[in-house]
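The values are calculated or read from the model by the stated rules, or taken from the named source; none is laboratory data. In this text, all values refer to a predicted model and were calculated from it rather than measured experimentally. Neighbour counts run over all protein chains shown; Cβ positions are idealised from the backbone, glycine included. The accessibility values were calculated without ligands, DNA or RNA, using every heavy atom of the protein model including side chains. Shrake-Rupley method; radii C 1.70, N 1.55, O 1.52, S 1.80 Å.
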Amino acid sequence: QVQLVASGGGLVQAGGSLTLSCAASRSIFSRNTMAWFRLPPGKQRELVAAITSGGNTNYADSVKGRFTISRDNAKNMVYLQMNSLKPDDTAVYYCQSSLRPDYWGQGTQVTVSA
């Protein structure tokens, strides 16, 4: 069974922090690149950050230096530490596996107030 469940979103003031978590089924987590995407209101879904099974990372320019992606291969979990949040970070955040790029699972809402 394929599963991606994101959690940890909420309402935070600009400059604040949140940590998102994503629980993935082992079948799509192991040995695959995991990524966080976001869907801002009225805009298209965009890549936020990605991490390979070996721990190599890449980030969207808009979040470099503020967000950190990590993974726990033993727990099939991927995380997104978000610091210095801005109102432009407001979006529904989803995690994705490179093995199933068509599957989005449950997202989590992040709202950053000015």
Within the range 66-78, the residues that are farther than 15 Å from ALA6 by Cα, free of Cβ contacts under 8 Å to residues at least 40 places away in the same chain and either outside any strand (DSSP E or B) or open to solvent by 10 Å² or more (accessible area, probe 1.4 Å) (or both) are ARG66, THR68, ALA74
Kindly indicate whether any position in the range 79-98 is over 23 Å from GLN13 (Cα atoms), part of a loop (DSSP other than H, G, I, E, B) and open to solvent by 40 Å² or more (accessible area, probe 1.4 Å).
yes
Of everything in the range 104-114, what is hydroxyl-bearing (Ser, Thr, Tyr) and exposed (fewer than 14 other Cβ atoms within 10 Å of the Cβ)? Give them in sequence order.
SER113
Apart from one, (1) open to solvent by 40 Å² or more (accessible area, probe 1.4 Å); (2) on the phi < 0 side of the Ramachandran plot; (3) not in a strand (DSSP E or B) all hold for VAL63; the odd one out is (1)
Are there any pairs, at least 6 apart or on different chains, whose C-beta atoms fall under 8 Å, with the first in the range 8-21 and more than 11 Å from THR68 (Cα to Cα) and free of Cβ contacts under 8 Å to residues at least 60 places away in the same chain and the second open to solvent by 50 Å² or more (accessible area, probe 1.4 Å) and polar (S, T, N, Q), and if so, which?
SER21/SER7
Looking only at the range 22-54, count how many residues are at pLDDT 95 or above, assigned to a loop (DSSP other than H, G, I, E, B) and more than 18 Å from VAL110 (Cα to Cα).
2
Of all residues in the range 11-44, which are within 23 Å of ASN76 (Cβ to Cβ) and either of a type in the set (Asp, Glu) or surrounded by fewer than 16 Cβ atoms within 10 Å (Cβ to Cβ) (or both)?
THR19, ARG26, SER27, SER30, ARG31
